[in-house]
1. Hey, which lysines would be in cross-link range of residue 148, C-alpha to C-alpha under 30 Å, not counting anything within fewer than 8 residues on its own chain?
2. For region 105-158, what is the accessible area per residue in Å², given a 1.4 Å probe and the full set of protein chains?
3. Determine one quarter of the surface area of the Cα convex hull of region 4-56, which equals its mean projected area, and express it in nm² to one decimal.
4. How far, in nm, would the chain grow between residue 32 and residue 61 when pulled straight, counting 0.36 nm per residue and subtracting the alpha carbon separation?
5. Rounded if a/c is under 1.5, else prolate if a/b beats b/c, else oblate: with a ≥ b ≥ c from the C-alpha gyration tensor eigenvalues square-rooted, which is region 109-158?
Amino acid sequence: MSKQDRQEKIRELLRINEVRTQKDLWKLLKDCGYNVTQTTISRDIQEMQIRKEYSPDGVERYRLSNHIKEENSDFPIKQLQQFYSEAIQSIEATGVFVIIKTEPGNAKAIGYLMESLNWTPVVGVISGDDNCLLLCRTKSEADKVKKKCMTIWNKDTT
């Protein structure tokens, strides 16, 4: 089965099911005969710009998105605050880097949203499964980005 077929199946599953976690999506795909890894699902979620949102009854679930950016320039920051505050384990600055450690499976989405902020001091973002590395031009800029990230996620700044 091709990547295109798999991603179309993911769209279909998200339209008809309430998918709360990547594990839920993995189980649904497996039931449909798709043998994929969590890494593949995470990559598909990022590529397809699937986002988590809260349903009217307060349950967090994956939803299809036509566009990640909206007219409101605060949109990415609000998403970062709302969806990922509990996923952030730590934020550290070392040299010209800011390292955001997350719960497994969250770093790529956080990295994608961080890139959408278009912060001038951040010249690049590299995301894995549970780490997001922000590359800055100078140590001073990295310290400022760390402080801004700490503020976004209400993390202890001491």
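The values are calculated or read from the model by the stated rules, or taken from the named source; none is laboratory data. Every value quoted in this text rests on a predicted model; they were computed, and no experiment measured them. These accessible areas exclude ligands, DNA and RNA; they are computed on the full protein's heavy atoms, side chains included. Shrake-Rupley method; radii C 1.70, N 1.55, O 1.52, S 1.80 Å.
1. Straight-line reach from residue 148, under 30 Å: 52, 69, 78, 101, 108, 139.
2. Details: 2850 Å² over 54 residues.
Solvent-accessible surface per residue comes out at 53 Å².
3. Working: hull surface 14.1 nm².
Value for region 4-56: 3.5 nm².
4. Details: separation 29, 0.36 × 29 = 10.44 nm, distance 2.00 nm.
Value of the extension gain: 8.4 nm.
5. Details: a/c = 1.62, a/b = 1.12, b/c = 1.45.
Note, shape of region 109-158 comes out oblate.
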